[in-house]
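Peer 1: Submitted below is the structure of interest, expressed as structure tokens.
Computed from the coordinates by the stated procedures, all read-outs in this text should not be read as laboratory data. As the structure is a prediction and not an experimental result, all values here were calculated from the model. Reconstructed Cβ throughout: ideal geometry from the backbone, glycine too, with neighbour counts over all protein chains shown.
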Amino acid sequence: MSTLSTDVLVIGGGATGVGVAWDAALRGLDVVLVDRHDLAQGTSGRFHGLLHSGGRYAVKDPQAARECVAENRILRRVAADCIEDTGGLFVTTPWDDPGYADRFAAGCAETGVRCEEVQPSQALRGEPRLNPRISRAFRVPDASIDVWKTVWAMSHGAQQRGARILPYHEVVTIDRSGDVVGGAVARDARSGDELRIEARVTVNATGAWAGRVAQMAGIEGVRVLPGRGIMIAMNHRLVNTVVNRCQMPTDGDIIVPIRTVSVIGTTDQHTDDPDDHTVPQEEVDRMLDEGERLVPGFRRARALRVWTGVRPLFEDAKADSTATRDVTRAHALLDHEQRDGVRGLLTITGGKLTTYRLMAQETVDAVCRQLGESRPCRTETEPLPGSESGEHYRLGERLARKEAELRGEQLICECELVPRSKLERAIAQTGSTDLDDIRRQLRLGMGPCQGGFCTYRATGILHERDGLRALEADASLLAFLQERWKGVWPVLYGDQLRQARLDEWIFQGVLGVERLPTAPETAGAGGASGAGGASGAGGASGLAPREAP
Amino acid sequence: MTGPGPALDGPLHFDAVVIGAGTAGMTAAIRLAQSGARVCVVAKGVGSTHLAAGTIDVLGRIDGEERVTEPGAALERLIASRPDHPYALLGSGVVADSLSWFFETAAASSPRGYEYVGGLERNMLLPTAVGALRPSTLVPITMAAGEASALHRAAIVGTHALRDFHPSLCAANLREAGIEARPVFLELELERADMSALGIARRFDDPAWRALFCAQLSPALRSEDHVGLPAMLGLRDPHAALADLERRLGRRVFEIPTLPPSVPGMRLYEILRRALRSAGGRLVIGAEVVAAERHGERIAAVATRAAGRESHYAAPWFVLASGGLASGGIELDSSWRTSERVLGLPLRGVPDAGEPRFVPDFFAEQPLGRVGVAVDPQLRAEGAENVVVAGAALPGQAPWREGCGEGVALASGYRAAQVIVRESGAGAPAGARAT
């Protein structure tokens, strides 16, 4: 077993964990980060993309609202390129308590959320698809944030400063001797090799999984309630502003325009298993109904995909409720030396994407205290790589760039404008043969055709560049098709159903992928029934002549 | 259904109106026109041909037989085990007759020498662009040399400009199947970094381009006796292109179908279009049926909207060949209601409320997959006695899983015309066989 030594070991590659790595690297600490899967594959990569103004919490959770206000301002500066400045609206629909609007305005004033009431007619001029029966409207500085871009930027920035970022490394043991945690052993999911990482401080940033990781260090009672929510991406910018229902937060009351889609969210169901990705039909129906209330005609638009995310809700000692929306959304930093008498281990969990930077800052402050060093935080002012100009992302920016280069470039994924050169670079950089890893980097296969055209192309390029064996390439192709289908089938209707059938036609009808050597159906029976047909058949027999060579 | 609004001109009268210009609709229309009927095809757009491989797949897989070797014999087993399958309604005789008819028609309407080969006795096993071996019953002559049993040493040729074909992956999978295949990349002089097979196919119509292509390819070939290319050997005269390449390269050459738009599919469409025209039928593309005039159990006329104006088509008979879920002929809305879109006809094969429509496994059979318009044994739609249904709109089939899409389309289009000719008392069409 090989061994690494470092100042800080971060377990968990979500926004918080990578945020900790970026923060610690900026302070000059040596960092190793491990995740059992890819970066941002858990909760971070499974949210709607809303950068909160604080408005959503203004009445219910003033502390959370204040944190959002501050972090919204900071992230607009340091992560400018990851953010589209859509602005936000809170609107009172006929189904909302009309008394909430005044409480909302007062809550915003008290917590510092910049909020301006506008005439409904004015709101409708800006967002003509909104329900014309809205009675109140407030503008707030909500925005949409691309979480993958944010996480990759921090990861690259940390790596440039010496951090070692190791996705697909699952922690199998936490090294604890007596009352001291000295690091962990992680297993490389690809090679199966184990790696010992000796660390002065270990940070458990595993969100909804934090209780399990703490338990591996022999620490009991870190209870994180996983709250599962579904989100549906609609294949259009049905709105260009984040639209919230002006009511106490509930299911299906936000639509976030992000990239070329709009995302409606979300539900909130307690689950015992953070890896539970069930999509109940009734939740899909509820989302579509709520969407229809905000944007009449919502159901006639094309639904691309549904997915679930699991919020990590740290259980407060006093709350014993399983209604997860009532548990605080605040984050929790546990210093296990103070809490359990175990030195060298911190747990950071709870919270929300908008406050990831603050969570990382508080965590690395605690790391420095444990190390007895004074190193001031710099993430408040240091822009992420790519965000130095301070300019926000604009819809259409990529298209403009692509059009300029189109003559000499080949698009592999037309929906998401992924050129061949970029795909080849990503294959080289990630070293991954998993097309889903490439997708998280480049958005490959995330558009309307959901991989219908790019899956074959990308597999071909992967095979050619990486010199994979046929069976490995086939496995990548089949796994990506299955992965895309996972989010499509529970919300499949209308034009997206036609698209799905076309994709099936291409892969099963034209390419015959189910007849590849590794295809699931033929895996067992292929030898028995397949080989006979391949040999001995004359082919030219029958009703028409065949030309001789 | 709502009745059509007033049109500027009166309705156009035909003996039969066919809705849909895929293989099924075109077959029905050509047969009707050949029998002397005045027939018109109206379609929202070109049909399935442009998406498919351009082969005629009659039957590639049935329960318990992963790869059907003898489609004629397997057809009988399918008919016995699946009484709801379109083939069970049609009978194997109609399938054989429709294929014979297709040979004659294709031969008469194809560019010189571009014929289909194969037969119900044995499926041909041809490489796909991913390098899997797919069974087809009839294939264009340009694909025939790719038959797996005769394929020993093959060069699989592509160019980086064509993103829809990847020789190294194709060759690697063929090697898994025991074929000695080697990828060859050519850097062709093309005007763009990004060409479709269709764009390159237009170049192959030019003999000078073919000479340049072969001059570049020849030195890259070794001991291979076969050369596989993506399906792009020209649109106007593909057989001449094939013969030219085989002569210049001194090897057998074959096409491999790849992502749409499908060049061999477009050739097939062109063959059917010419056959319809020479039989005197009409074809209106870009004319979506937007309304129907209905009297009780009969459809009197349909209205189409094209170029901003409505046209009415009246006929004693209609053929519904508007396809299934893929073409939009059958729809599922966000409230999970399934409907036939053109005439609002009743469906069969819709899972009961509360039952799954789809399942989490992409490669499993999807419960909604076999949905179609409810028909009687004569293919007549339930509740509309003068509407005959053909092609993917028929229930009980899984076109891609079973590899039966074109076979069902041909046989049911053929049968639809037969039913109409018989029922309308117009006498047997010229050259028709008794079934």
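Peer 1: Give me the distance between the Cα centres of region B:357-395 and region A:13-39, rounded to whole Å.
Peer 2: 54 Å
Peer 1: Provide A:443, A:56, B:309, A:73 in ascending order of the number of other Cβ atoms located within 10 Å of each residue's Cβ, fewest first.
Peer 2: Ranking A:443, A:56, B:309, A:73 by Cβ neighbours within 10 Å, fewest first, gives B:309, A:73, A:443, A:56.
Peer 1: What is the Cα centroid distance between region A:440-471 and region B:70-111, reported in whole angstrom?
Peer 2: Using only Cα atoms, the two centres lie 37 Å from each other.
Peer 1: So which cysteines in chain A don't have a second cysteine's C-beta under 4.7 Å from them?
Peer 2: A:68, A:82, A:246, A:368, A:377, A:415, A:449
Peer 1: Can you tell me which aspartates and glutamates have their Cα less than 12 Å from the Cα of residue A:422? Leave out same-chain residues fewer than eight positions away.
Peer 2: Residue A:422 reaches A:409.
Peer 1: Here's another thing I want to ask about it. Output the pairs from A:60/A:486; A:352/A:486; A:149/A:486 with a Cα-Cα distance over 31 Å in this structure; if there are none, say none.
Peer 2: Working: A:60/A:486 35 Å; A:352/A:486 25 Å; A:149/A:486 23 Å.
Exceeds cut-off: A:60/A:486.
Peer 1: Now for a separate question. Suppose a student asked you for the relative contact order of chain A, using Cα pairs under 8 Å spaced at least 6 residues apart; what percent would you report? Could you put the intermediate results ahead of the total?
Peer 2: On the way: 1130 pairs, mean separation 93.5, N = 549.
RCO, chain A: 17 percent.
Peer 1: Let me ask something else. Can you tell which of A:351, A:55, B:338 lies farthest toward the positive end of the dipole of the protein assembly as shown, using +1 and -1 charges on the Cβ of basic and acidic side chains (Lys, Arg; Asp, Glu)?
Peer 2: B:338
Peer 1: A further question on this structure: Could you calculate the FRET efficiency of residue A:374 with residue A:404 from 1/(1 + (r/R0)^6), where r is the beta carbon distance between them and R0 is 45 Å, rounded to 0.05?
Peer 2: 0.40
Peer 1: Let a ≥ b ≥ c be the square roots of the eigenvalues of the Cα gyration tensor of the protein assembly as shown; is it rounded (a/c under 1.5), or, if not, prolate (a/b larger than b/c) or oblate?
Peer 2: prolate
Peer 1: Let's see if you can work this out: charge +1 on each Lys and Arg Cβ, -1 on each Asp and Glu Cβ, no other charges. What is the dipole magnitude of the protein assembly as shown about its Cα centre, in debye to the nearest 20?
Peer 2: Rounded to the nearest 20 debye, it is 2140 debye.
Peer 1: Of all alpha-carbon pairs in chain B, indicate the percentage at a distance above 43 angstrom.
Peer 2: For chain B, the fraction of Cα-Cα distances above 43 Å is 15 percent.
Peer 1: When DSSP assigns beta bridges and you keep just the ones with both residues in the protein assembly as shown, what percent turn out antiparallel, to the nearest 5?
Peer 2: 60 percent
Peer 1: What does the helix-only formula give at 222 nm for chain A: each DSSP H stretch with n ≥ 4 adding -39500 (n - 2.57), the total divided by the residues, and the result rounded to the nearest 500 deg cm²/dmol? Don't jump to the answer; show the numbers that get you there.
Peer 2: Details: 16 runs with 188 residues, N = 549.
Only helices count here, giving -10500 deg cm²/dmol.
Peer 1: Another question, if that's okay. Rounded to the nearest 5, what % of DSSP beta bridges with both residues in chain B are antiparallel?
Peer 2: Beta bridges within chain B, antiparallel portion: roughly 50 percent.
Peer 1: What does the C-alpha gyration tensor say about the overall shape of chain A? Classify as rounded when a/c is under 1.5, otherwise prolate if a/b is larger than b/c, or oblate.
Peer 2: oblate
Peer 1: Moving on to the next point. Which of rounded, prolate, oblate describes region A:397-521, given a ≥ b ≥ c as roots of the alpha-carbon gyration tensor eigenvalues and a/c under 1.5 marking rounded, otherwise prolate only if a/b is larger than b/c? Before the final figure, lay out the partial values.
Peer 2: On the way: a/c = 1.87, a/b = 1.14, b/c = 1.63.
It comes out oblate by the Cα gyration axes.
Peer 1: Another one. Taking every alpha carbon pair in region A:1-93, what does the distance histogram look like in 5 angstrom bins from 0, in percent?
Peer 2: For region A:1-93, the binned pair fractions read 3, 11, 15, 18, 19, 15, 9, 5, 3, 2, 1, 0, 0 percent.
Peer 1: Among A:471, A:288, which comes first, then next, by fewest other beta-carbon atoms within 10 Å? Could the numbers behind the result be given before it?
Peer 2: Details: A:471 14, A:288 21.
Ranked by crowding around the Cβ, least crowded first: A:471, A:288.
Peer 1: Rounded to the nearest 5, what is the percent of antiparallel bridges among the DSSP beta bridges in chain A?
Peer 2: The antiparallel fraction comes to roughly 70 percent.
Peer 1: With unit charges on the beta carbon (Lys/Arg positive, Asp/Glu negative), name the residue among B:326, B:235, B:303 whose Cα is farthest towards the positive pole of the charge dipole of region B:191-333.
Peer 2: Of B:326, B:235, B:303, it is B:235.
Peer 1: How high is the relative contact order of chain B, in percent, with contacts defined as C-alpha pairs under 8 Å that are six or more residues apart? Before the final figure, lay out the partial values.
Peer 2: On the way: 995 pairs, mean separation 111.1, N = 435.
With pairs under 8 Å counted, the relative contact order is 26 percent.
Peer 1: Could you name the aspartates and glutamates whose alpha carbon sits less than 17 Å from that of residue A:402, not counting residues in the same chain fewer than 8 places away?
Peer 2: Leaving aside aspartates and glutamates fewer than 8 places away in the same chain, those within reach of residue A:402 are A:414, A:416, A:424, B:194.
Peer 1: Let me ask another. What whole-number distance in Å separates the alpha-carbon centres of region A:260-305 and region A:82-123?
Peer 2: Value for the Cα centre distance between the two parts: 22 Å.
Peer 1: Below 8 Å, C-alpha to C-alpha, sequence gap of six or more: please give me the relative contact order for region B:144-256 in percent.
Peer 2: On the way: 188 pairs, mean separation 35.7, N = 113.
Reported as a whole number, the value is 32 percent.
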